[in-house]
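The values are calculated or read from the model by the stated rules, or taken from the named source; none is laboratory data. Fair warning: this is a prediction, and the values are worked out from it, not measured in the lab. Counting neighbours? That spans all protein chains shown, and the Cβs are built from the backbone with ideal geometry, glycine included.
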Amino acid sequence: MNNTFLLSTLLITTLSIVGCQHYAKSTQKDAVSSTCHFNDVNFDTQFPAARLDKCEQTGKNRYKLTLQPENMPINDSPWYAFSVSGKFSHTIHIDMHVEGGSNRYHPKIRVDQESKQSNWQKIPFKRHGEVMTFDLDINQQPTLIAGQEIITNDDYDNWYTALKNNGQLDIITLGQSVNKRPIKAIIQRHNAKQWLVVLGRQHPPEITGALALFPFTETLLADTPQARHFRTQYNVLVIPNLNPDGVQLGNWRHNANGVDLNRDWKAFKQPETQAVHQYLNQLVKEGHSIAYAVDFHSTRKDIFYTMPHTYPIKNPMLTTQWLEQLDQQMPSFQVIQKPGNNPNKGVFKQYISDTYRVHAVTYEMGDNTNREKIKTIAHTAANTLMNTLLQTSEAP
Ligand SMILES: [Zn+2]
């Protein structure tokens, strides 16, 4: 142990407050997290998607954790992910504070850390005004705590590998993020000239949207009669993870330039949106067409933001027909459709409709929607969308 380490330990212990994140005002770089180290307890953020901004010991076995956004203004989505260990087994009390927002994601703990199949369980918590409190039983083994299941950039790469092993498709790189991470896309194309576009993870903490995108995509790419037939008529382009820097940094919402990507589909100032825009334009130049787009997000409830059927786009009733089919096939799920038209906001859905004159939907899953239900909805949503699109393209 060298003197620098001793000095910093002493300082930390004396001040009992540690800032875990230091970031530049302009571009966020990687590896901004450090350790919140106390006498008996360590909060660690040295892993992808980790986030914990300030830690403070406020009493015996009591710790105040504070979350801060990457920059302001920002939508309310305070993400956290950290591991915690103790010098000995004991219970600690956590008071979770948020600056620049309010607590949104309910705490979860990862169990079965030895097995590859990770499993997250809810932790009981209470709210005292703006503060969320919960207890943790800790020991020398690090315990992983997060606001939702952690899905890292590596998890996407592992998924691409598994998909490739299962069927014929290509994984291509559309461009690079601010911090030079690849923006990857799954492509399944045969002789069709029209494309279904699927987008995900513009907003890193919106995990239930990601949990829906996986089965939705797998259903489109499946070796079923319907999906095989669909792919003779439509090519599929899936960009599951548009904001890999935000995912790595554990950002609330923005990319590494501090920009909300889902407000940049008009200005195209960010490399992530530019990469997709250029690829779609290239397809159109080659004589192909964009037929439909779905963009996955999370919010407080399950809802589909759609374009109004009065909007001047192809097949004005298409989305309504799809969502009515979904509603009929899932009696236990109430499909809520909310049409909207925001020409100047820079939202992906609007960009698709205004640029390619076709429908696009923002597919939102609730933060607390049952995970098995998310899968069932996504599977049925993909099947009913394929059915609707096939009926459209085969209509006389
Ligand atoms: Zn979102």
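Numbers at a glance
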read-out: Residue list for segment 228-270, restricted to those being over 18 Å from the mean Cα position of the chain (by Cα) and part of a helix (DSSP H, G or I); value: R228, H229, F230, R231, T232, Q233
read-out: Pair list, Cβ < 9 Å and 6+ apart or interchain, from segment 286-308 residues that are within 18 Å of L323 (Cα to Cα) and among the aromatic types (F, W, Y) to residues that are within 15 Å of the ligand (Cβ to nearest atom) and part of a loop (DSSP other than H, G, I, E, B); value: F296/R201; F296/Q202; F296/E206; F296/P240; Y305/G340; Y305/V347
read-out: Criterion (within 16 Å of the ligand (Cβ to nearest atom), polar (S, T, N, Q) and touching a strand residue (DSSP E or B) at 6+ places or on another chain (Cβ under 9 Å)) met by exactly one of N235, N255, N262; value: N262
read-out: Meets criteria (of a type outside the set (V, I, T), in a helix (DSSP H, G or I) and in the same structural domain as A210 (by TED's automatic domain parsing)) for Y363; value: no
read-out: Some residue of segment 192-212 being more than 16 Å from the ligand (Cβ to nearest atom), of a type in the set (S, T, Y) and on the phi < 0 side of the Ramachandran plot; value: no
read-out: Residues of segment 317-340 that turn out to be among the basic types (K, R) and either free of Cβ contacts under 8 Å to residues at least 24 places away in the same chain or within 14 Å of T376 (Cβ to Cβ) (or both), as a count; value: 0
read-out: The lone exception for T91 - which of (1) more than 16 Å from the ligand (Cβ to nearest atom); (2) of a type in the set (S, T, Y); (3) within 21 Å of A256 (Cβ to Cβ) it fails; value: (3)
read-out: Any chance N383 is under 24 Å from N243 (Cβ atoms) and either more than 15 Å from the ligand (Cβ to nearest atom) or in a helix (DSSP H, G or I) (or both); value: no
read-out: Scan of segment 291-341 for residues that are surrounded by fewer than 20 Cβ atoms within 10 Å (Cβ to Cβ) and either assigned to a strand (DSSP E or B) or of a type in the set (A, V, I, L, M, F, W, C) (or both), ordered by number; value: T299, I303, F304, I313, M317, M330, F333, V335, I336, Q337, K338, P339
